[in-house]
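Chemist: Got a structure for you, written out below as C-alpha cells; questions coming shortly.
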Amino acid sequence: MSYNDRHGFVAEIDHIVWYQPIVAAASGRPISAEALARAYTPNGRVVSAGALFADARCSHERLLRLDRQTVRRVGASVAEWAAIDFFPSISLNVSTTTIDRDPAAVLRWLADEKIDPKRVTIEITETAPVEDIAAIAAAVEHYRAAGLRVAIDDFGCGSATFELLHRVGADIMKIDRRFVRSLVADERSRRVIAAMVRLAHELGMHVVAEGVESPLQWEWLTDIGCDAVQGHAIARPMPADSLVFWRDRIAWSPITGERQQS
Ligand code: G
Ligand code: MN
C-alpha cells in the first residue's frame with residue numbers, strides 16, 4: 001500500500017522544502033544545501049515527500065507540478081537569504097519525468113524565480129525508471145551549457161547505474177546511503193566505495209557520500225577519498241531560516257579536529 005493510500009491526504013500536494021547541508025569531507029566547510037520536499041501529515045508531522053514523488057500513479061502532469069512547486073519554494077528561500085547576504089549553492093532533485101517531458105522547464109522555472117543557474121546542481125535520481133537515456137543525456141548537456149551542475153543521485157542502487165554514467169556527462173556522483181551504512185563494519189563495502197570513488201575521479205566527477213550518520217563513517221569516507229559528505233552526522237534537513245543559524249554556528253570537523261567557521 002502506498003503512502004497515499006494509507007494517508008489519503010495528497011489529492012493535491014502542497015509541499016514545503018527543507019534544506020540539508022553538504023560539506024567538504026576533509027574540512028567540514030559547507031558546499032551546498034540539498035532542497036528536500038517535505039509534506040505535513042494531517043496531524044502536523046513533517047514527512048519526506050519522496051514517497052509521493054515515487055508513487056507510480058502520479059501523473060506526469062502532477063510530477064511536473066511537484067517539481068515546479070519545489071523550485072518556487074526554493075525561489076522564496078533564495079530571496080529571503082539574499083536579503084541577509086546569504087548565497088548558498090542549492091542541490092535540486094528533479095524527476096527524470098520532468099527532464100524527459102519538458103527538458104527546458106527547469107531552466108525556465110529558475111529564470112522565473114530569479115535563481116542563478118550557476119548556484120544550482122540538478123540531482124537526477126537513477127532509482128526512478130529512466131525511460132529515455134538519450135533524451136536525458138541531451139537535456140543534461142543543455143543544463144551544463146547553461147551553467148548548472150548535474151549530479152547522479154543514489155548512485156549504485158538503480159537500474160541504469162552504468163548506462164547513466166556511460167551516457168550522461170555529470171559533474172557529481174552521490175553514493176547511495178546503503179553503501180555508507182555498512183562501511184565501518186564491512187571491508188567489502190569500503191572496497192566498493194573506494195572503487196566508485198576511483199571511477200568517479202577517473203571521469204572527472206566529484207563524489208558526495210550521502211546518509212553519513214556517524215563521525216566514524218565520515219572519517220572513513222574522507223580517508224577513502226570522498227570529496228564531500230551529507231547526512232545526520234553533519235546536519236539533519238531543516239527549514240530555510242534554520243540553515244542560516246546552522247551556517248552561523250561553528251561546524252565541527254572530526255577529521256582535522258579544527259573548528260570551521262563557514
Ligand atoms: O534520494 P535522496 O538522496 O535525494 O534522498 C534524500 C533523503 O535522505 C531525504 O529525505 C533525507 O531526509 C534523507 N536523509 C538525509 N540524511 C540522512 C541520513 O544520515 N540517514 C538517513 N537514513 N537518511 C537521511
Ligand atoms: Mn538527492
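Chemist: Are any residues in the range 203-230 acidic (Asp, Glu) and more than 12 Å from ligand 1 (Cβ to nearest atom), and if so, which ones?
Modeler: Within the range 203-230, 219, 223, 227 qualify.
Chemist: Can you name every residue in the range 57-109 that is small (Gly, Ala, Ser), under 29 Å from residue 246 (Cβ atoms) and at pLDDT 95 or above?
Modeler: Of everything in the range 57-109, those that are small (Gly, Ala, Ser), under 29 Å from residue 246 (Cβ atoms) and at pLDDT 95 or above turn out to be 75, 76, 77, 79, 82, 83, 89, 91.
Chemist: Being within 16 Å of ligand 2 (Cβ to nearest atom), touching a Pro at 6+ places or on another chain (Cβ under 9 Å) and not basic (Lys, Arg) is the requirement here; does residue 121 meet it?
Modeler: Taking the combined requirement at face value, the residue does not satisfy it.
Chemist: For residue 176, only one of the following conditions fails: (1) under 17 Å from residue 22 (Cβ atoms); (2) within 16 Å of ligand 2 (Cβ to nearest atom); (3) in contact with a helix residue (DSSP H, G or I) (Cβ under 9 Å, 6 or more places away or on another chain). What is its number?
Modeler: Among (1) under 17 Å from residue 22 (Cβ atoms); (2) within 16 Å of ligand 2 (Cβ to nearest atom); (3) in contact with a helix residue (DSSP H, G or I) (Cβ under 9 Å, 6 or more places away or on another chain), the lone unmet condition for residue 176 is (3).
Chemist: Condition check: surrounded by fewer than 21 Cβ atoms within 10 Å (Cβ to Cβ), of a type in the set (Gly, Ala, Ser), closer than 27 Å to residue 38 by Cβ and away from ligand 2 (no atom under 16 Å from the Cβ). Does residue 182 satisfy that?
Modeler: Spelling it out, it is not the case that residue 182 is surrounded by fewer than 21 Cβ atoms within 10 Å (Cβ to Cβ), of a type in the set (Gly, Ala, Ser), closer than 27 Å to residue 38 by Cβ and away from ligand 2 (no atom under 16 Å from the Cβ).
Chemist: Quick one: would you say residue 234 is at pLDDT 85 or above and of a type outside the set (Gly, Ala, Ser)?
Modeler: Considered against the rule, which asks whether it is at pLDDT 85 or above and of a type outside the set (Gly, Ala, Ser), residue 234 comes out as yes.
One line per residue, one yes/no per condition, for (1) within 16 Å of ligand 2 (Cβ to nearest atom); (2) more than 30 Å from residue 189 (Cβ to Cβ):
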site	(1), (2)
94	yes, no
98	yes, yes
107	no, yes
135	no, yes
143	yes, yes
154	yes, no
157	yes, no
171	yes, no
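Chemist: Every residue in the range 185-213 that is within 30 Å of residue 40 (Cβ to Cβ) and surrounded by fewer than 20 Cβ atoms within 10 Å (Cβ to Cβ), please.
Modeler: Selection gives 211, 213.
Chemist: Given the condition within 16 Å of ligand 1 (Cβ to nearest atom) and over 20 Å from residue 73 (Cβ atoms), answer yes or no: does some residue in the range 131-143 qualify?
Modeler: no
The values are calculated or read from the model by the stated rules, or taken from the named source; none is laboratory data. Computed from a predicted model, the values in this text were never measured in an experiment. When we count neighbours, we look across all protein chains shown, and the Cβ atoms used for this are built from the backbone with ideal geometry, even at glycine.
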